[in-house]
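Enquirer: The structure is given below, and queries will be raised subsequently.
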Amino acid sequence: MDLDIDAESAAFRDEVREWLAAHVPTLPSMDTAEGFAAHREWEAQLADARLSVVSWPREYGGRDASLLQWVLFEEEYYAARAPGRVSQNGIFMLGPTLFAHGTAEQRDRILPAMARGEQVWAQAWSEPEAGSDIAALRSS
């Protein structure tokens, strides 16, 4: 197994590290209206730098980053203590689903806005016969 980082990936890592060092803000809690809005603005800044969805195709705001480059991005993001991502559910769950099973129209309509934090997606769960009544949940 070769654990050396190729020159292209090392250059990508260095670019990400430098950009984050120059841009990572300290934001209020995402649990407030002000904080949520600030985090959405951060998503837009990431998107402007094509760092919001690095592993996605360029046509949807990504960089076509390799798996290694994506991991390097995530390591640098964490090391920089960058803010939590308001779009992470959509980016990491809905996005890949649309790439695998969505239509071109769905990808064109949903993915760019998601990458910029303009649309925020979430995943909700429902249990049979429970609806939104958490007290009615049961396991079998």
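The values are calculated or read from the model by the stated rules, or taken from the named source; none is laboratory data. The model shown is predicted, which means the values in this text are computed figures rather than measured ones. Positions of Cβ are generated from backbone atoms using ideal geometry, with glycine treated the same way; all protein chains shown enter the neighbour counts.
Enquirer: Of a type in the set (Val, Ile, Thr), under 13 Å from the mean Cα position of the chain (by Cα) and within 20 Å of residue 7 (Cα to Cα): does that describe residue 71?
Expert: Working: of a type in the set (Val, Ile, Thr): yes; under 13 Å from the mean Cα position of the chain (by Cα): yes; within 20 Å of residue 7 (Cα to Cα): yes.
Yes: the conditions hold for residue 71.
Enquirer: Just one of 34, 43 is in contact with a Pro (Cβ under 6 Å, 6 or more places away or on another chain) and under 21 Å from residue 120 (Cβ atoms); which is it? Show your work before the answer.
Expert: Working: 43 fails: in contact with a Pro (Cβ under 6 Å, 6 or more places away or on another chain).
Being in contact with a Pro (Cβ under 6 Å, 6 or more places away or on another chain) and under 21 Å from residue 120 (Cβ atoms) holds for just one of 34, 43, which is 34.
Enquirer: Looking for whichever is on the phi > 0 side of the Ramachandran plot and either modelled with pLDDT under 95 or charged (D, E, K, R) (or both) here; the options are 17, 50, 40, 63. Which one fits?
Expert: Numbers: 17 fails: on the phi > 0 side of the Ramachandran plot; 40 fails: on the phi > 0 side of the Ramachandran plot; 63 fails: on the phi > 0 side of the Ramachandran plot.
Going through 17, 50, 40, 63 in turn, the sole match is 50.
Enquirer: Which members of the stretch 80-109 meet the condition of being at pLDDT below 95, of a type in the set (A, V, I, L, M) and either surrounded by fewer than 17 Cβ atoms within 10 Å (Cβ to Cβ) or within 20 Å of residue 41 (Cα to Cα) (or both)?
Expert: Those that are at pLDDT below 95, of a type in the set (A, V, I, L, M) and either surrounded by fewer than 17 Cβ atoms within 10 Å (Cβ to Cβ) or within 20 Å of residue 41 (Cα to Cα) (or both): 86, 91, 93.
Enquirer: Further question: Would you pick out the residues in the stretch 27-43 that are of a type outside the set (Val, Ile, Thr) and free of Cβ contacts under 8 Å to residues at least 60 places away in the same chain?
Expert: To start, the set of residues in the stretch 27-43 that are of a type outside the set (Val, Ile, Thr) comprises 27-31, 33-43.
The answer is 27, 28, 29, 30, 31, 33, 34, 35, 36, 37, 38.
Enquirer: With the stretch 66-122 as the region, which helices (runs of 4 or more DSSP H) entirely inside it contain at least 3 residues that are in contact (Cβ under 8 Å) with a residue 40 or more places away in the chain and closer than 17 Å to residue 19 by Cα? Write out each step before concluding.
Expert: Working: elements: 67-79, 95-101, 104-115.
Fully inside the stretch 66-122 and qualifying: 67-79.
Enquirer: Same structure again: Quick one: count up the residues across the stretch 8-31 that are surrounded by 11 or more Cβ atoms within 10 Å (Cβ to Cβ) and hydroxyl-bearing (Ser, Thr, Tyr).
Expert: 2
Enquirer: Okay, next question. When you scan the stretch 9-65, how many residues do you find that are part of a helix (DSSP H, G or I) and either basic (Lys, Arg) or touching a strand residue (DSSP E or B) at 6+ places or on another chain (Cβ under 8 Å) (or both)? Please lay out each step first, then the result.
Expert: Residues of the stretch 9-65 part of a helix (DSSP H, G or I): 9-23, 33-48, 58-60.
From what's left, either basic (Lys, Arg) or touching a strand residue (DSSP E or B) at 6+ places or on another chain (Cβ under 8 Å) (or both): 13, 17, 40, 58.
Looking only at that region, the number is 4.
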